[in-house]
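Read the structure below first, then the notes.
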Amino acid sequence: MLLLIIKRMANAIFVILAVSLLAFTIFKFLGDPVQLMLNPQATQQERDLLTERLGLNDPVPVQFAKFVFNAARGEFGMSYRNQMPVMEVIAERFPATFELVLVSSIMALVIGLPLGVFAAIRGGTVMARVFHLISMIGVSVPAFVIGIMLILVFSIELKWLPAFGRGKVVDLGFWTTGFLTPSGRAALVMPSISLALFQISFIMRLVTAEMLEVLRTDFIRFAKARGLKARAIYFRHGLRNCMMPVVTMTGMLIGDLIAFTLVTEIVFQWPGMGFLFVQSVQYVDIPVMAAYLMIVCCIFITINLIVDLIYVVVDPRVDQLVRGGGNGH
Amino acid sequence: MVAWRSAALAAALAGVLIAPANAGTLRWAPQRDIVSMDPYSFGDTFTLSVLNHVYEGLVRYDDKLQIEPALAESWEVINPTTWRFHLRKGVKYHDGADFTADDVLASLKRVSDPTSPLRGNVPSYVSSSKVDDYTVDIIVTENYPLLLNDLTNIHIFDQGWLVANKAEAPTDVAKGVEGYATSHANGTGPFKFISRKPDAETVFEVNPNWWDTRKHNVDRIVMTPITSAATRVAALISGEIDFTNQAPLQDIPRLEASSDLKVLSNSELRTIFFVMNQTPKAFESDVTDKNPLQDIKVRQALYHAIDADAIQKVVMAGLSRTTGSLVSPAIPGYVPELDKRLSYDPELAKKLLAEAGYPDGFSFSFLCRNTEFVNEEQICQAVSAMWARIGLRPNLNLGPTTIQDAKFDAGQFDVGTLGWANEPMIDSYSILVQVVHSKTGNAGVFNWGGWKDAEIDALIDKAGATVDRDERLAMQAKALLRANELSMFIPVHQQPMAWATGANIESVLQLSDNKPRHWLTRMAE
């Protein structure tokens with residue numbers, strides 16, 4: 001397992017470098033931050049001076065080299081828009097996104113898994129069909145539409161839930177949490193549902209498909225023949241054997257969620273990292289965008305690593321494979 | 001099951017969640033957040049207008065956009081380069097410190113620092129000196145007429161506070177100089193700064209010791225930006241916010257239909273117009289040997305082809321002010337003669353094109369943004385169709401502001417849009433020196449078309465050194481009229497602004513500079 005980790009870490013460095021180089025090439029096409037930073041009344045001389053001072057006249061490779069050199073020392077510079085150190089700006093937003101993603105992922109698993117199993121076991125029933133239909137909607141309707149519909153129903157018509165923001169948050173010093181106050185929890189409901197609906201549907205469909213596959217295999221038939229209880233057959237033997245793709249996909253989905261909560265965050269004015277990123281693009285806030293991409297890249301790598309480790313737990317054969325001591329696979 | 005469970009949860013908590021507003025708390029949702037608490041950090045008009053609730057300048061605009069005393073009680077011009085300001089006595093900062101001449105000197109020093117992004121807001125500033133504790137002399141370049149306009153936007157810090165928090169120099173993103181003032185504030189204004197979470201919530205509380213008579217009854221302002229238009233409207237209808245200074249135009253009928261809500265709309269200072277590139281060869285056209293836009297007949301043909309009333313009715317929902325002038329009537333330098341448009345006459349336009357030698361029209365690039373001005377994308381699409389009707393072939397190029405503006409700056413366009421509000425100066429000198437004046441020295445930064453007219457340049461230069469207001473404005477009007485004569489630009493309209501208020505708000509003052517002034521807001525008791 002240690003070998004696996006070391007291998008992954010080595011890969012990670014190359015991936016991060018590649019991503020940041022790509023990012024820097026893209027920034028070149030984003031336009032000019034100076035235009036937004038200065039007043040319309042500023043003279044050409046003042047504009048040129050600021051461009052020079054920000055190092056925007058340097059060729060892209062030089063800018064990139066400077067960035068990598070500084071990033072290696074943990075220096076990401078200052079946000080053009082917020083006038084604060086970039087890491088501080090991002091650290092401030094991370095808890096909001098993390099809590100949203102956490103709740104959505106838990107929802108996705110807690111709801112998606114049982115529904116998937118149910119749909120597989122009770123294939124023909126009306127209930128299973130209803131779930132199937134809902135999952136179709138969940139997969140095909142984009143999150144922002146769901147978000148706006150939820151706002152329409154629960155904020156405008158029923159006035160139950162707040163349409164925007166995080167509610168009251170409790171500051172723990174290193175972390176701000178919305179879990180500890182009623183308004184914070186209420187604010188989480190709609191964004192996390194609109195974010196989770198796709199995941200719930202996706203996991204449910206995946207589990208259903210895998211379960212149907214597994215239930216057809218011989219060992220399930222033998223288990224039935226041995227007279228095991230239905231619950232044991234479905235959950236201990238059936239479900240466990242279709243967990244591999246589910247774990248992989250959940251890992252990928254969590255990564256996706258952290259990286260791409262932007263739509264949901266914009267709809268609900270959720271002060272997280274996705275929202276920050278969209279604002280940064282609009283303001284050509286290069287330091288924030290660069291740091292954001294690096295961080296998201298690291299998160300993806302970490303999640304993939306964790307997924308690999310979970311494989312080993314779920315299916316011990318993987319560890320053997322990595323060590324190269326195969327049994328002739 | 002999920003939905004049911006959360007609904008039950010929501011129902012259980014309903015009473016707590018969307019609580020009715022506390023009396024005296026104004027919940028305000030702008031479309032975007034301010035960038036910083038530091039008024040010298042970023043040249044952004046909206047940020048300055050919000051910070052004006054906390055900080056004040058030596059002078060300010062009254063409810064008719066005329067300059068009136070604020071922290072300075074009176075002033076006089078001692079000689080062509082020296083202005084003397086007599087400061088208001090007994091003014092206290094929110095932390096209790098007294099307002100004196102030293103504060104003015106420290107603030108002017110900070111804002112005029114070479115690294116200050118707001119250096120351009122005091123273009124004429126040379127130096128300042130203290131006469132006594134309540135008298136300051138400001139030295140400017142000779143005969144500079146607009147110092148008072150500039151000073152409306154120079155918020156005055158407390159010197160002691162700046163020194164104690166090592167914030168005497170402006171923040172500098174290039175060098176990574178962070179500022180205490182970015183996230184803290186200590187002004188003299190009607191509201192005290194309480195707390196701030198960027199992009200989420202900024203809170204202000206009434207300053208009971210404000211020097212001016214309190215006309216408002218707002219005890220607390222909670223500002224929560226909401227970027228998504230649909231969500232902002234939802235929050236207003238569901239009563240979660242009381243006020244927005246950006247009501248989406250397309251939702252105005254819906255907002256007006258709601259009995260609790262009021263919409264305030266008007267045209268603002270910003271005029272939208274088309275710029276035509278004057279390079280010897282067109283940038284992207286099937287006419288390759290010259291530039292058709294250098295011919296006044298072609299420019300007039302483009303003008304005559306635009307049905308401005310249709311734009312006003314269809315694209316702007318009847319809320320814009322169709323204009324022939326480059327500046328709004330509220331901007332000094334405006335004269336009614338400016339407002340005459342060339343008629344909408346496609347036949348005449350075709351004739352003019354034929355006379356100019358383009359009976360079959362020509363193609364050109366048409367550069368527009370999709371995020372900057374109100375409905376800019378739709379305006380450009382409509383006008384493209386109108387130009388196509390007289391045989392022209394515009395290639396519409398749409399994109400975000402930062403990208404398109406870089407292209408404008410590099411001259412990579414034939415025709416494009418520009419909007420000018422004359423902020424923060426509120427004087428037509430702003431558009432004249434930045435947009436109409438030729439690119440010489442510090443002038444003409446936004447003269448994207450590359451115009452160079454000796455007569456206009458001379459008028460603007462002279463106006464910039466004329467202290468007498470009437471004389472100066474006459475020259476500026478003359479320069480604007482000449483720009484119209486030459487059809488240098490094609491004005492479209494003064495764009496609309498729309499605010500909306502909920503049941504808790506009795507009245508807000510909306511001026512054409514589109515800045516909320518909550519020290520004049522009345523809430524329902």
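Of note:
- Taking segment A:50-100 as the range and being under 13 Å from A:Ala290 (Cα atoms), in contact (Cβ under 8 Å) with a residue 60 or more places away in the chain and in a loop (DSSP other than H, G, I, E, B) as the test, the residues that pass are A:Phe76, A:Gly77, A:Ser79, A:Tyr80.
- Residues of segment B:473-525 classified as within 21 Å of B:Gly239 (Cβ to Cβ), assigned to a strand (DSSP E or B) and under 23 Å from the mean Cα position of the chain (by Cα), total: 5
- Identity of the residue in segment B:227-267, within 16 Å of B:Val50 (Cα to Cα) and touching a Leu at 6+ places or on another chain (Cβ under 9 Å), that ends up farthest from the other protein chains (Cβ to nearest Cβ): B:Phe243
- Reported count of residues in segment A:45-78, each being more than 7 Å from every other protein chain (Cβ to nearest Cβ) and in contact with a strand residue (DSSP E or B) (Cβ under 8 Å, 6 or more places away or on another chain), is 1.
- Of the strands (runs of 3 or more DSSP E) lying entirely inside segment B:68-181, those carrying at least 2 residues that are aliphatic (A, V, I, L, M) are B:72-79, B:125-132, B:135-140.
- Criterion: closer than 21 Å to B:Asp242 by Cα, buried (at least 23 other Cβ atoms within 10 Å of the Cβ) and within 21 Å of the chain's Cα centre (by Cα) - qualifying residue of A:Gly184, A:Gly165: A:Gly165
- Evaluation of A:Ala42 against the conditions (1) hydrophobic (A, V, I, L, M, F, W, C); (2) surrounded by 13 or more Cβ atoms within 10 Å (Cβ to Cβ); (3) in contact with a Leu (Cβ under 9 Å, 6 or more places away or on another chain); (4) more than 8 Å from chain B (Cβ to nearest Cβ) shows that the sole unmet condition is (4).
- Among residues of segment B:511-525 that are free of Cβ contacts under 8 Å to residues at least 60 places away in the same chain, those with a beta-carbon under 7 Å from a residue that is part of a loop (DSSP other than H, G, I, E, B) and among the polar types (S, T, N, Q) at least six positions away or on a different chain give the pairs B:Ala524/B:Asn504.
- Residue ID - farthest from A:Thr264 (Cα to Cα), chosen from residues in segment A:138-186 that are facing chain B (nearest Cβ under 7 Å) and charged (D, E, K, R): A:Lys159
- Matching residues in segment A:21-39 - criterion: being more than 9 Å from every other protein chain (Cβ to nearest Cβ), farther than 15 Å from A:Val284 by Cβ and crowded, with 19+ Cβ neighbours inside 10 Å: none
- Top-ranked residue in segment A:273-295 [being in a loop (DSSP other than H, G, I, E, B) and within 9 Å of chain B (Cβ to nearest Cβ); ranked as nearest to B:Arg32 (Cα to Cα)]: A:Tyr283
- Selection from segment B:99-113 of residues that are hydrophobic (A, V, I, L, M, F, W, C), touching a helix residue (DSSP H, G or I) at 6+ places or on another chain (Cβ under 9 Å) and buried (at least 22 other Cβ atoms within 10 Å of the Cβ): B:Val104, B:Val111
- Of all the residues in segment B:228-244, those that are surrounded by 22 or more Cβ atoms within 10 Å (Cβ to Cβ), touching a residue at least 40 places away in the same chain (Cβ under 8 Å) and assigned to a loop (DSSP other than H, G, I, E, B) number 4.
- For A:Thr97, the test of being out of contact with any Asp or Glu (no Cβ under 7 Å at 6 or more places or on another chain), within 28 Å of B:Thr47 (Cα to Cα) and more than 8 Å from chain B (Cβ to nearest Cβ) is passed.
- Of all residues making up segment B:182-236, the number that are within 25 Å of the chain's Cα centre (by Cα), of a type in the set (Gly, Ala, Ser) and more than 17 Å from B:Gln31 (Cα to Cα): 4
- Checked against the criterion of being in contact with an Asp or Glu (Cβ under 7 Å, 6 or more places away or on another chain) and surrounded by fewer than 21 Cβ atoms within 10 Å (Cβ to Cβ), the candidates A:Met244, A:Met252 yield just one match: A:Met244.
- Criterion applied to B:Ser438, B:Ser428 was being touching a helix residue (DSSP H, G or I) at 6+ places or on another chain (Cβ under 6 Å) and surrounded by fewer than 20 Cβ atoms within 10 Å (Cβ to Cβ), and the one residue passing it is B:Ser438.
- If you check B:Ile426, B:Ile490, B:Ile456, B:Ile505 for being aliphatic (A, V, I, L, M) and within 14 Å of chain A (Cβ to nearest Cβ), only one passes: B:Ile426.
- Residue within segment A:296-313 that is buried (at least 21 other Cβ atoms within 10 Å of the Cβ), assigned to a helix (DSSP H, G or I) and of a type in the set (Ser, Thr, Tyr) present: yes
- Yes/no for A:Met149 being at pLDDT 90 or above and surrounded by fewer than 16 Cβ atoms within 10 Å (Cβ to Cβ): yes
- Count of segment B:200-226 residues which are away from every other protein chain (no Cβ under 14 Å), surrounded by fewer than 23 Cβ atoms within 10 Å (Cβ to Cβ) and in a strand (DSSP E or B): 3
- So B:Asp63, is it away from chain A (no Cβ under 14 Å), surrounded by fewer than 23 Cβ atoms within 10 Å (Cβ to Cβ) and modelled with pLDDT of 95 or more: no
The values are calculated or read from the model by the stated rules, or taken from the named source; none is laboratory data. Predicted, not measured: the structure shown is a model, and the values here were computed from it. Cβ sites come from the backbone with ideal geometry, for glycine too, and all protein chains shown count toward neighbours.
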